[in-house]
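The values are calculated or read from the model by the stated rules, or taken from the named source; none is laboratory data. Keep in mind that this is a model prediction, so the values were computed, not measured. Backbone-built Cβ (ideal geometry, glycine too); neighbour counts: all protein chains shown. Just so you know, the surface numbers come from the protein's heavy atoms only, side chains and all, with ligands and any DNA or RNA stripped out. Shrake-Rupley method; radii C 1.70, N 1.55, O 1.52, S 1.80 Å.
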Amino acid sequence: ISSALVISFVQLWRHVGAHALARGESGGAAALLMRFRQLVEERFREPWRVERYAEALGVTPGRLHAVAVRTLGRAPRVLIQQRVLYEAVVRLERSAITIKQLSFMLGFKDAAYFNRFFAKHVGLPPARYRRACIRRDVAGRAPQVPFTFFDWP
C-alpha cells in the first residue's frame, strides 16, 4: 500500500508540475530541468541525443548541459543513461523478458551494444546481473541499485 501511495504522489507531483510549467509559474533552471525530465520520461526508449532534447526544450545543448552540471553535477547525457539503466535494472530484476527483447524495448538496435553499455555502467553483463539478483533474492537480501534517476527534480 505504501508503494502505491508513493507512486500516486509522484504522479500527482509530476502532473501538478507540468500544469505549473504550462502556465509559466516556474522559471529558470528548475523549470528547464523539470521539462527535461518530463521529456526523458517520455522519450528515453527512443535514441534521442542531447541535441534533440535541447531543441525540443527550446534551448541550446550548451545551456542544457550547463544547467544540468551546475544544478545536478551531471551532464544531460549521463542523466539519460541513468534513466535507461534504471529501467533496464527494474526489468531485469522483476520480469522474465529476454535480454534481446529488453535491448530493443530500450531503443538499442543491437543486443550486443546493450550488453556492453550495461556492463560498462553496472559492472556486470545483463544476464549475469539477473542471475546475481536471483541468487540475492533467494538469500533474502535487499536489492542494491548503484544509481538512481529519481534524485533530480
| remark: Taking the range 89-137 and keeping only residues that are in contact with an Asp or Glu (Cβ under 7 Å, 6 or more places away or on another chain) and at positive phi, one is left with 107
| What are the residues in the range 95-108 that are touching a residue at least 24 places away in the same chain (Cβ under 8 Å) and among the charged types (D, E, K, R), if any? | none
| field | the range 78-114, subset assigned to a helix (DSSP H, G or I) and out of contact with any Phe, Trp or Tyr (no Cβ under 9 Å at 6 or more places or on another chain), residue most open to solvent (accessible area, probe 1.4 Å) | value | 94
| field | Selected residue [surrounded by fewer than 15 Cβ atoms within 10 Å (Cβ to Cβ), farther than 29 Å from residue 135 by Cβ, modelled with pLDDT of 95 or more and not polar (S, T, N, Q)] from 41, 51 | value | 51
